[in-house]
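The values are calculated or read from the model by the stated rules, or taken from the named source; none is laboratory data. All figures in this text were calculated on a predicted structure; none of them were measured in a lab. No Cβ is skipped: glycine too gets one built from the backbone with ideal geometry, and neighbour counts run over all protein chains shown.
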Amino acid sequence: MGFSVTTLIFAVIGIVASLCTRICFNRGPSANLFHLTLVLTATTCCWMMWAIVYLAQMKPLIVPILSEGE
Amino acid sequence: MARRLRLFKEQMTKAGVSPSMWSTRDDHFDLEHLEVKLEELEAELLEINANNEKLQHTYNELLEYKLVLEKVGELFSSAKNKAVAHQKELEFQTTVEGSIDSPLLLEQEETTTKQIKLGFIGGLVHREKSIPFERIIFRAARGNLFLKQGVIEHPVLDPLSGEMVHKNVFVVFYSGERVKSKILKICDAFGANRYAFSNDSSKQFQTIREVSGRISELKATIDAALIHRSTLLQTIGYHHGQWRLLIHKVLQRATMDCSSQVVAIFQVLETTESPPTYFCTNKFTSSFQEIVDAYGIAKYQEANPGVYTVVTFPFLFAVMFGDWGHGICLLLAALYLMIRERKFASQKLGDIMEMAFGGRYIIMMMALFSIYTGDASTTGFIKVRSTYPFGVDPKCHGTRSELPFLNSLKMKMSILLGVSQMNLGIIMSYFNAKYFKNNINIWYQFVPQIIFLNSLFGYLSLLIIIKWSTGSQADLYHLMIYTFLSPTDDLGENQLFVGQKLLQLVLLLLAVVAVPWMLLPKPFLLKKQHQERHQGQSYDLLCGTDDTLESESQSIAHDHDEFDFSEVFVHQLIHTIEFVLGAVSNTASSLRFLAHSELSSVFYDKVLLLAWGYNNTIVLIIGIFVFICATVGVLLLMESPSAFLHALRLHWVEYQNKFYEGDGYKFFPFSFTLLTDEDEL
């Protein structure tokens, strides 16, 4: 459930960033396509980074051992 | 007409007028009108040049005349003064010596008689010739003459040669016609210019005034003529480039219309080379494009990997560097370079500083992504019972299970990111092939590559995700090994989902099929294509037997397009082997992601905390100093370039290697100043 919600949050951030880039830096179709590509690629990379770490901790096989005496 | 254009260019070069580099959009020029116009302009230019030369010659002569008059006037004045003094002296002697009064009077009368008969010639002679000139004149007249020379201080324009020459003014007094003719011949031999003048002072002044007036008049005329010539040349220069292009175009069209095999005027080089490549960049994207161009410059209209590199390169650096504290340090350095941008741009920097300044935007992007990945994988501030929402659980830090967990996490992360990047590269190769309408590359290069990569390493990525999601204790390492060694054995405790055994068999079979699929069809299909073209040429050759030149032309084209099957096959074999082995080694090379944080932890725990534990101020200060030096010297200045180079290699090998040929060359703009070599038509 946490994974789906945060993925949706990343998607929303990506869409908002694309719209903001389009509005603030509107300089012809070629540049706009370039900006869109950059924003989507950055969002995907950040999401992937987060998702990998999150998935790795969802059901850990190696749990933190609290006692150092062990 | 090309000859006339060359003449105009030469005249403009002499006059210092440069032809305008931009040609006007004037499509209404007709060729007949152009020819008539060029003819008129040439005639006008030649006439102006001739008139200018004539005027200049006359002007120079008048200048010399004026100089002669001035100098001769001076000579006559001084001579008259001397005569007056001499006269007084004679009278004084007469008064003193009364006994010889009669002989003096006789002598005076005789002198007057001689003076009446004397003639004179005046002019200019070269200074270096003045001594021989004087000597020869004395010998010719046997001393029966009087010669006087005066030096002109500044150089004089010679009417004949048009050069500045040092000259002397001379006056010769003689008696008798025979001596006069001799003197005239000697003047001609020495190239001395002679000018007539009167011995009367008032007439001399009048002549000087007339000559000065004529000189001023002529000067004004010459200036007006020069202005007119300059205006004409500028008008020609305005249209020169356009006329040249038009004439070239017309010559080319005439050559084609004549259908002649031999080009009459110039040879158009038909080339099969690709056009050069040019990408528009700004100061932000240019450094990323340089990273791509270092691998190779794109072939004409090939997909540019620089677009994705703007994001993926700093991201991969950050995954390796992955430290928000040091990321902030990098960000501050980049911001400093950006703030001082204008000053540094106009300044001479050292090698290392120049490189850092050139890549300041790369450094900024790397820093931002480093801060993010540092947060995502290191620290957090929220403590909840369920899965940690962002980053690694801080409870993991300092425990015995930290290292196994982090190593496992990073290894799997490397595989996932590496496989994603390679898939992106292969997808780019699909777009390249689609754009160039190369169906062979789509069906026999892109498709088997996707199948091979995802049958093995894509499947491994899927297993990683399933293991994380289900909490299974399967050993993926042994699972992958036994998939190859004994694919039909029971999976046992390594089974992750129902039907896994069958799926693995199918994927293994697909991978095995994909390799010959990549290897074999393309060379044979290329050979078939070539044979079809070859038969077409044979047909043309048979039809064109009557025309010898056309036959030779076809023969040349045929030789140029020769197909070597073994060469193509070997090339495809190498490419296939490279891809298969590359898929394995590129996945392994992704493990470079493990590097940075171990070193950072070592410095933090062993230096800073150890110093803190002693409860001694001096030891603490030394510890802080060592920590700062280690942080700046090792982690920032050494580790950053290391991560940079690893990210660079990952980009070149994992990403660009999958689709990028990079055998083009850069574009250099056309300029009229480079047309000097093309003037030889």
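Screening A:32, A:26 for residues that are in a loop (DSSP other than H, G, I, E, B) and either facing chain B (nearest Cβ under 9 Å) or more than 17 Å from the chain's Cα centre (by Cα) (or both) leaves exactly one candidate, A:26.
Out of all the residues in region B:301-322, is one or more part of a loop (DSSP other than H, G, I, E, B), modelled with pLDDT under 80, over 17 Å from residue B:663 (Cα atoms) and within 14 Å of chain A (Cβ to nearest Cβ)? Yes, some residue in region B:301-322 is part of a loop (DSSP other than H, G, I, E, B), modelled with pLDDT under 80, over 17 Å from residue B:663 (Cα atoms) and within 14 Å of chain A (Cβ to nearest Cβ). Select from region A:35-47 the residues that are at the interface with chain B (Cβ under 7 Å from one of its Cβ atoms) and buried (at least 16 other Cβ atoms within 10 Å of the Cβ) and write down the one among them that is farthest from residue B:372 (Cα to Cα). Residue satisfying both the conditions and the ranking: A:38. The set of residues from region B:282-310 being without any contact (Cβ under 8 Å) to a residue 12 or more places away in the chain and in contact with a helix residue (DSSP H, G or I) (Cβ under 7 Å, 6 or more places away or on another chain) comprises just one member, B:307.
Scanning region B:442-462 for residues that are free of Cβ contacts under 8 Å to residues at least 24 places away in the same chain and buried (at least 19 other Cβ atoms within 10 Å of the Cβ) yields one hit, B:446. With respect to residue A:32, determine if the residue is surrounded by 12 or more Cβ atoms within 10 Å (Cβ to Cβ) and of a type in the set (S, T, N, Q). For residue A:32, the condition - surrounded by 12 or more Cβ atoms within 10 Å (Cβ to Cβ) and of a type in the set (S, T, N, Q) - is met. Identify, from the list B:449, B:421, the residue that is of a type outside the set (Lys, Arg) and more than 14 Å from every other protein chain (Cβ to nearest Cβ). Being of a type outside the set (Lys, Arg) and more than 14 Å from every other protein chain (Cβ to nearest Cβ) holds for just one of B:449, B:421, which is B:449.
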